[in-house]
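The values are calculated or read from the model by the stated rules, or taken from the named source; none is laboratory data. Since the model is a prediction, treat every value here as computed from it, not as a measurement. Don't worry about glycine lacking a Cβ; one is built from the backbone with ideal geometry, like all the others, and counts go over all protein chains shown. Side chains are part of the model used for accessible areas, which takes the heavy atoms of the whole protein and leaves out ligands, DNA and RNA. Shrake-Rupley method; radii C 1.70, N 1.55, O 1.52, S 1.80 Å.
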Amino acid sequence: MTHREDVSMAAEAQRMRHFWYDDSPESASGVDVLNLLRRYREAETTMRTRVRADMDMGEKDILALRYLISAGGKSTVLRQKDIAAMLGITNASTSILVDRLVRDGYAERVPHPEDRRSVAVVPTEHGKHEVRATLRDMHGRMMAVVNDMSATERDVVANFLRRMIDGVTQPPMALPPGE
């Protein structure tokens, strides 16, 4: 086979590949998808830093307030020990965190409605208002992106994200002895 025939066959193989598989710029490679996911995480980290600065709160404080607001929306109340478990921090650290939220007017301690021996932590109206005011526009933009997707696209993205979560949360595989 001559060099010219080799080149011609390679060109034909390339054309056939384009027939069966879309490798146009709109068709993202696996590396493209992972790079986009990395860029999203970086953008989200930047946004979280901005929100923490706007609210003058730490990451755990904002998460705790979010958990308190979410629980209130479900007519559930949280104790400090519940917050500690959700955040994966010690009871002592949670006490300090809740003290800060109470001091800054984001939360309050109240008698637990079902257990008189316990104290519940609930968000204040000020706390709920601050979170909503700070996050409303961003959440609206994010929801608009999701609402613009078809049900099939949302299913694909949700499945991808579930699998990625599983992929990064599984413990590393043990190396065979001697490696």
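Miscellaneous remarks
- Single match in Arg50, Arg66 (criterion: closer than 30 Å to Val157 by Cα, within 24 Å of the chain's Cα centre (by Cα) and free of Cβ contacts under 8 Å to residues at least 60 places away in the same chain): Arg50
- Failed item in (1) over 23 Å from the mean Cα position of the chain (by Cα); (2) loosely packed, with under 12 Cβ neighbours inside 10 Å; (3) within 21 Å of Arg48 (Cβ to Cβ), with Ser93 passing the rest: (2)
- Test: residue in region 56-63 that is in a loop (DSSP other than H, G, I, E, B) and more than 18 Å from Glu130 (Cα to Cα): no
- Qualifying residues in region 138-163 (those that are charged (D, E, K, R) and either open to solvent by 100 Å² or more (accessible area, probe 1.4 Å) or within 17 Å of the chain's Cα centre (by Cα) (or both)) - the one farthest from Thr94 (Cα to Cα): Asp148
- Unmet criterion (only one of (1) surrounded by fewer than 14 Cβ atoms within 10 Å (Cβ to Cβ); (2) out of contact with any helix residue (DSSP H, G or I) (no Cβ under 9 Å at 6 or more places or on another chain)) for Val102: (1)
- Residue in region 132-145 that is under 19 Å from Met55 (Cβ atoms), out of contact with any helix residue (DSSP H, G or I) (no Cβ under 8 Å at 6 or more places or on another chain) and aliphatic (A, V, I, L, M) present: yes
- Identity of the residue in region 121-137, touching a residue at least 60 places away in the same chain (Cβ under 8 Å) and over 20 Å from the mean Cα position of the chain (by Cα), that ends up most open to solvent (accessible area, probe 1.4 Å): Glu130
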